[in-house]
1. Against the conditions (1) at pLDDT 75 or above; (2) under 18 Å from Met185 (Cα atoms); (3) in contact with a Leu (Cβ under 9 Å, 6 or more places away or on another chain), where does Trp146 fall short? Just the number, please.
2. If a residue has to be within 15 Å of Leu496 (Cα to Cα) and not in a helix (DSSP H, G or I) to count, how many in the stretch 512-558 make the cut?
3. Which condition breaks for Gly24 when tested against (1) under 30 Å from Leu217 (Cα atoms); (2) at pLDDT 85 or above?
4. For Thr397, state whether it is closer than 24 Å to Val304 by Cβ, buried (at least 20 other Cβ atoms within 10 Å of the Cβ) and either in contact with an Asp or Glu (Cβ under 7 Å, 6 or more places away or on another chain) or without any contact (Cβ under 8 Å) to a residue 40 or more places away in the chain (or both).
5. Just for the stretch 615-649: of the residues that are in contact with a Gly (Cβ under 8 Å, 6 or more places away or on another chain) and within 16 Å of Gly670 (Cβ to Cβ), which one is surrounded by the fewest Cβ atoms within 10 Å (Cβ to Cβ)?
6. For the stretch 61-95, what are the residues that are part of a helix (DSSP H, G or I), more than 21 Å from Ile7 (Cα to Cα) and modelled with pLDDT under 85?
7. Collect the residues in the stretch 596-610 that are farther than 15 Å from Ala539 by Cβ and surrounded by 16 or more Cβ atoms within 10 Å (Cβ to Cβ), keeping them in residue-number order.
8. Is it fair to say Lys652 is surrounded by fewer than 21 Cβ atoms within 10 Å (Cβ to Cβ), of a type in the set (Lys, Arg) and in contact with a helix residue (DSSP H, G or I) (Cβ under 8 Å, 6 or more places away or on another chain)?
Amino acid sequence: MASRKNIKRLLVTLGIISWLVMLGSSYLYRFGQLNGAPVETYLFLSKVSLIAFIFIVYLFYRIQISMQDVFNILDLLWKVFVTGLIATMASLFSSLLLSVLKENEHGRNPYFLDALYEINLGLIITFLIAAFTVWKRLILYQKSKWLIRLWSTFEYGLLGSSILFFSTLKLFDGIGIIVLILLIMCALVLSVNMKWVAYLNFKQKWKSILLIILISLYLGYFYSILDNYGADSGYNPVFDAMGLITVHSLFLFILTYSIFSILVLLFNLPTSSVFEQKFIEVVNFQKLSQSRNMGQNEEQVYEVLLESSANVALAKIAWLDIMDEEQKVKKTLYFKTYKLEKEEILKAIDHDRVKNIQSLIPTKNEKQKRFIAELKHEIYKSIFVLPMIIRDQPVATLTLVKDVKDGFSKEMIEIIRTFVNQASISIENYRLMQEAIINERYKEELKIAKRVQDSLLPKILYTNDDLEIAAFSKAAAEVGGDYFDTYKMNEHRLALIIGDVSGKGTSAAFHMSQMKGIFQSLVQVNLGARDFIIKANNALSNCLDRTSFITTTFFILDAKKKNFQFSRAGHCPTLYYSASEDKVEFMEDNGLGLGILRDSQFEKYVEVNEYDYKTGDILLLYTDGVTEAKNSQNEEFGYERLRHFLKVNKDKSAEAIKEEIIKTIYDFCGSSNLDDDITTMIVKVK
């Protein structure tokens, strides 16, 4: 930017210098004429200075116009107008001065007349070049290769024609007239390029016409000045600028394009309102399309829809009824409408007072119909009603009212329908986005819940010198309701628990955490199996909801006595392998799930069993997700497969049995996607 400003300053300086050289050489020419000295050199220098001045001014305006990044047509025309106004005022002042002094000796002084002439010449050329560069910008708007080549040919032709200025040929001699005709033909072809006109609105077109007419008046005035300058005083300039084909061509080109522009603008005036209306429709459609990106909520989309539709239809009044889930009006947005007016119009929508109702496509809800009708009202004559449908449900109803009959054309209705459809898409997208945000929030919350639940399950299992213990748990969803744990009651006694909360998901996970708290609290009191189950039921009865319960099996293994006691509260029967008998059996006993009975009646169903264990014995604790796991044929894994599994793998370590049962269940299901949580705990006597 700074370098362009420096170049402009340099060009202004060079322009002033070239004009001063032109004036000085004219004085020398005039002095030589008066004293009989040779003057051809000064005439040549004067002409060269004029050509240089034209070229420098052209470069200046070319840079000036190119610096304008935004293509503002009125601004460009205004610059030409202002340049012409300044030149005209200066020219009128010089003419006034000349008329005042024409009877005076100074008024007939050739040096004084030369100065006035070349001042006028400099101002007029500046105006011509300013108009020329602006016309170039207009012609090359939305340019093509062909158009650029034609313009380049025209520019080079103007530059080349200046050579004839140094010859003895006159403007309308053979070669001169041919060159001028070629340039005029080229100018005519260029002048039909007016794509910029289509982008002006009605008001801008009128302003453009006015500015171009004024520019044309300047042009005619300047032409008469150069053609007849000083004729009444007998003044003959050193050289006739009008004999320069370049100057003559500039006049003709600017005038031609001005005439074409005025005619095209006038012919386009009647269609301006149509194009403006289409432009408004596009802008409104864009607003509705981008409403979600602009961060607008549903009500803001409704407001844009109401305003856009009312403006397009030129509606006198309008409103938008927003429905609730029961299809009742929960809110109304008004556009140039008052509630009383709405009620008045609704009264007018009566079959006794309305004629020519044209029912359009009815919705599933018969109360919500699209229709256009004529009203028998003092002011309002036609009405158009259109519901907005999202997922086959009306969510709003748009009503437009006009004060003329047949106020809604087919094209207008289609445009409004397009607006409504786009608004429906925007609102649906907004709702889907809100749902996606909520779902994403749920996912994040579930991830947090999963991390919390994982932290509730023990990472290290307590054991003693007699036992190997391994456990595994896998939730069907992000979180589950299965639970297992161990606790070292003293040096010899070890407590084990496995549980399954009814249901799945977050509620089951929440109850599972309650079960862990109860286990960790009660097991430290050193209770027996029966007392533990009873007190756990009492505690859970106060915090579980009525529809939930927890099944569990609680074991106490005593390394000193080499036995274990257990109590089952409605849980899956424990699978026990006796090494001495080489037999696998289910240890079944009575018991109800915790929280099913919430009074003293529960104690009747609590049963405790006690067994001695020997080396090689195995306890396989599990939840119903193991036995109820299904394959592709919808067959359950079942108790017999589990019994057979333990029989086959009885010689393996607890950890190896755990890994094998996981593999066996996944192979059986054919996938790692489970229908229910699975948990298993293997205890093997060393």
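1. (3)
2. Residues meeting the conditions: 11.
3. (1)
4. Here the answer is yes, as Thr397 does meet what is asked.
5. Filtering first and then ranking leaves Ser632.
6. Ser94, Ser95
7. Passing the criteria: Tyr605, Val608.
8. yes
The values are calculated or read from the model by the stated rules, or taken from the named source; none is laboratory data. In this text the structure is predicted, and so the values were computed from the model without any measurement. Positions of Cβ are generated from backbone atoms using ideal geometry, with glycine treated the same way; all protein chains shown enter the neighbour counts.
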